[in-house]
1. Looking at region 51-70, which of its residues are assigned to a loop (DSSP other than H, G, I, E, B) and either hydrophobic (A, V, I, L, M, F, W, C) or buried (at least 16 other Cβ atoms within 10 Å of the Cβ) (or both)?
2. Condition first: modelled with pLDDT of 90 or more and assigned to a strand (DSSP E or B). Now tell me which residues in region 1-16 satisfy that.
3. Within region 17-40, how many residues turn out to be at pLDDT 70 or above and either within 16 Å of ILE64 (Cα to Cα) or surrounded by fewer than 11 Cβ atoms within 10 Å (Cβ to Cβ) (or both)?
Amino acid sequence: MVLERVLPLARCPDCLGPLELKDAQRAEASPQIPLPESRAGTQILAGTLICNTCKTAYRIVDGIPILYPR
């Protein structure tokens, strides 16, 4: 799963421009399952990452960013 707090670090693989999250489906980590601090936080299950520079769209499917264009 991709964590929302690491998205500011994500860059477009084509032009290295910043990516912006659109139409996100979010989920909080389950309190019944203890996670290390590095895995805690809001997880992105689905959505689209749009490059602010070249406008290329990348999907997030089952929590995995697919970093090649459609």
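The values are calculated or read from the model by the stated rules, or taken from the named source; none is laboratory data. Because the structure is a prediction, the values reported are computed rather than measured. So basically every Cβ, Gly included, is an ideal-geometry build from the backbone, and we count neighbours across all protein chains shown.
1. Residues of region 51-70 assigned to a loop (DSSP other than H, G, I, E, B): 52-56, 62-63, 66-70.
The answer is CYS54, THR56, ILE66, LEU67.
2. ARG11
3. Filtering region 17-40 for residues at pLDDT 70 or above gives 17-28.
Subset that is either within 16 Å of ILE64 (Cα to Cα) or surrounded by fewer than 11 Cβ atoms within 10 Å (Cβ to Cβ) (or both): 19-28.
So the count comes out to 10.
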